[in-house]
Amino acid sequence: KKRRRLGSLSPADTVPAGAKSDDPVVVSTDDADAIDDAEHGATVLLSPAQRLPPPLWGAVLDFMAYSDVRSAIAVCRSLAHDAASHVRTLSVHRAAEMDVPAARRFTHAEDVNLLSIIVHGERQRISFSVAAAAQIVPFLTVFPKLRRCFVGGRRRIFTPFHMGSRRREYSVTVINDGPDNHMELFRGIVRAFTGAFRSRLLSDRIDLYGVVSGVRLGPIRDLCRDRTSEDPDHPCDFCRGICQHFPLRDILDADVCLHDTVKFSLLRDRPGGEECIRAATPRMICRYLRNEVKFKPVNRESDAGRELLGRLKGLGVVQSIPGAQFISSDAFRLLDDMVEIGFHPRHIPRDYLYREFGIAHPQTSRGYDVWISSS
């Protein structure tokens, strides 16, 4: 009611004819419902400093829930006409709020948080909103300047020192109150985004979180046909559609059923794919070195083990080998494939490599340069 009392007065209403801009303005109102505990015919005193400019009102609305933003605009003509165009962030908490005609007022919104997919009830009951799932993509296509989007819900937090909520993305294990086909519904969301990116209803340059990137359901391959890897005779249209149309940064970490070489090849062939690969080279190469290049102990009792140890000693690589280890050639083939795609070690800064593996910075870069040239 207080917002209605002050917000319902437009700047044109607060300055009577002939009044100076520095004079306080007294406005009379006969609307008793708009004033708390006030008598009929109360007055409101407004100074010029209290009449905020539209950009400042837009900044204020950015921190409000979408339902409150719509309520404020509904009772204030000046906000509806001027401030709405300065709103940059929208946070939607209910599926009923995802109304396309009403959202067209906020065409300058750049950051949209859809917090209506995961619904938290009482006693830790968490459900998946069927209505919100059907409205996500049509709702987002209203915002031509969209740059960032989060799809998920809010998680309540109650601790002795904090009470509030945090964003929560979709997860298979977190849904405990239905519906039973929530994985199928989420698969439909992914397909809807694929179609929107493919038809250019949505730009593939947006930062999309909670659909492919950030999903905690495990690998995205669980959503295709519950397979561990793609059958060459039956290509997976679901995972290939993700790699061909979703934002480039999402594809780098997407755990799809495609082999990594196929996934990165699809990424490289897209506009801007080579630049994306070059920028992600330090992180991706170090991740593969950490996860795929596994050291295995040398079996001293086998002929191959004794031959390997003899060759190492003959080359003078090491003086003593108390616990020698080796790396399988399969790991090097995988790295060779990555280098062929475009993930070349020359794009890794030396300090970044040492920092990722906790290696003290050496006095000379000879070892690093040898690794670069031999890769």
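The values are calculated or read from the model by the stated rules, or taken from the named source; none is laboratory data. Computed from a predicted model, the values in this text were never measured in an experiment. Note that we place each Cβ from the backbone using ideal geometry, even for glycine, and neighbour counts take in every protein chain shown. Protein only, heavy atoms only, side chains kept; ligands, DNA and RNA dropped before computing areas. Shrake-Rupley method; radii C 1.70, N 1.55, O 1.52, S 1.80 Å.
Among the residues of the range 170-205, the one identified as touching a Lys or Arg at 6+ places or on another chain (Cβ under 8 Å) and aromatic (F, W, Y) is Y170.
Summed over the range 255-304, the residues that are assigned to a loop (DSSP other than H, G, I, E, B) and in contact with a Gly (Cβ under 7 Å, 6 or more places away or on another chain) give a count of 2.
Residue by residue, here is whether (1) open to solvent by 60 Å² or more (accessible area, probe 1.4 Å); (2) over 30 Å from C276 (Cα atoms); (3) modelled with pLDDT of 75 or more holds:
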residue: G316; (1), (2), (3): no, yes, no
residue: P322; (1), (2), (3): yes, yes, no
residue: Q325; (1), (2), (3): yes, yes, no
residue: V339; (1), (2), (3): no, no, yes
residue: G342; (1), (2), (3): no, no, yes
residue: I348; (1), (2), (3): no, no, yes
residue: D351; (1), (2), (3): yes, no, yes
residue: R355; (1), (2), (3): yes, no, yes
residue: G358; (1), (2), (3): yes, no, no
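Among the residues making up the range 75-122, those that are in contact with a Gly (Cβ under 7 Å, 6 or more places away or on another chain), among the aliphatic types (A, V, I, L, M) and either over 17 Å from A134 (Cβ atoms) or open to solvent by 30 Å² or more (accessible area, probe 1.4 Å) (or both) are V75, L79, A83, V87, V119. Being on the phi < 0 side of the Ramachandran plot, open to solvent by 10 Å² or more (accessible area, probe 1.4 Å) and of a type in the set (G, A, S) holds for only one residue in A254, A279, and it is A279. For the range 193-213, enumerate the residues that are open to solvent by 40 Å² or more (accessible area, probe 1.4 Å) and either under 15 Å from the mean Cα position of the chain (by Cα) or among the aliphatic types (A, V, I, L, M) (or both). Across the range 193-213, the qualifying residues are L201, S203, D204, R205, D207, Y209. Applying the condition of being among the aliphatic types (A, V, I, L, M), under 16 Å from I189 (Cβ atoms) and open to solvent by less than 70 Å² (accessible area, probe 1.4 Å) to the range 134-173 and asking which residue is modelled with the lowest pLDDT yields V172.
Contact annotation: residue pairs with Cβ atoms under 7 Å, 6 or more positions apart or on different chains, pairing a residue in the range 291-316 that is free of Cβ contacts under 8 Å to residues at least 40 places away in the same chain with a partner that is among the polar types (S, T, N, Q) and open to solvent by less than 90 Å² (accessible area, probe 1.4 Å), are K296/S328; G305/N299.
One residue stands out among those in the range 65-74 that are of a type in the set (S, T, Y) and surrounded by fewer than 20 Cβ atoms within 10 Å (Cβ to Cβ): the one that is farthest from R154 (Cα to Cα), which is S71.
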